[in-house]
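Read-outs throughout are calculated quantities, based only on the coordinates presented, and are distinct from any laboratory measurement. It should be emphasised that the depicted structure is a prediction, and the values quoted were computed from it without experimental measurement. Positions of Cβ are generated from backbone atoms using ideal geometry, with glycine treated the same way; all protein chains shown enter the neighbour counts.
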Amino acid sequence: MHRRTFLATVGAGTTVAVAGCLDGGAGASEYDVGMSIDSFRPEELTVTAGTTVTWRNTSSHGHTVTAFQDAYPDDASFFASGEFESQAEAEQAWESDNGGVLKQGDTFEHEFTVPGQYDYFCVPHLSAGMVGTVRVEPNE
């Protein structure tokens, strides 16, 4: 079960010991989205506004996390591993020198502050269908 889903289903007022999941201490394996050879796992993730999502390359292949330029809310900022400012810049960086690559075990984080749907992909594995979605719900 996904860490956030587990914690949300436990319920308020319940005390649960979750070793290494909340403090980020040594040996903690915190991440929200992993990567296989040609997919993000999970492919779809739902969070609330203000959540920082962590992607970890759990594969032996190099990957990127790159927002589709026109597939996120108007008021939101573009995101990509390598901190590029556009999809075109991220794709060009990958083509020239594997810019933005996440090697095995590397992580990338992005804070989602604007509710809406964010579609993203892995530049070198887009043709294999390596795409994902983060849905951000408003805080209530």
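Take Val33, Val123 and order them by how many other Cβ atoms sit within 10 Å, fewest up front.
Lowest to highest Cβ neighbour count: Val33, Val123.
To the nearest 20 debye, what is the magnitude of the charge dipole of the stretch 31-137 about its Cα centre, counting +1 on the Cβ of each Lys and Arg and -1 on the Cβ of each Asp and Glu?
That gives a dipole near 440 debye.
Asn98 to Ser60: FRET efficiency via 1/(1 + (r/R0)^6), r the Cβ-Cβ distance, R0 25 Å, to the nearest 0.05?
With R0 = 25 Å, the Cβ-Cβ based efficiency is 0.95.
Roughly how many nanometres apart are two label points built 7 Å out from the Cα toward the Cβ at Glu44 and Ser77?
Distance between label points: 2.8 nm.
If Lys and Arg each add +1 and Asp and Glu each add -1, what is the summed charge of the other residues whose beta carbon sits under 13 Å from the beta carbon of Gly116?
Net charge around Gly116: -4.
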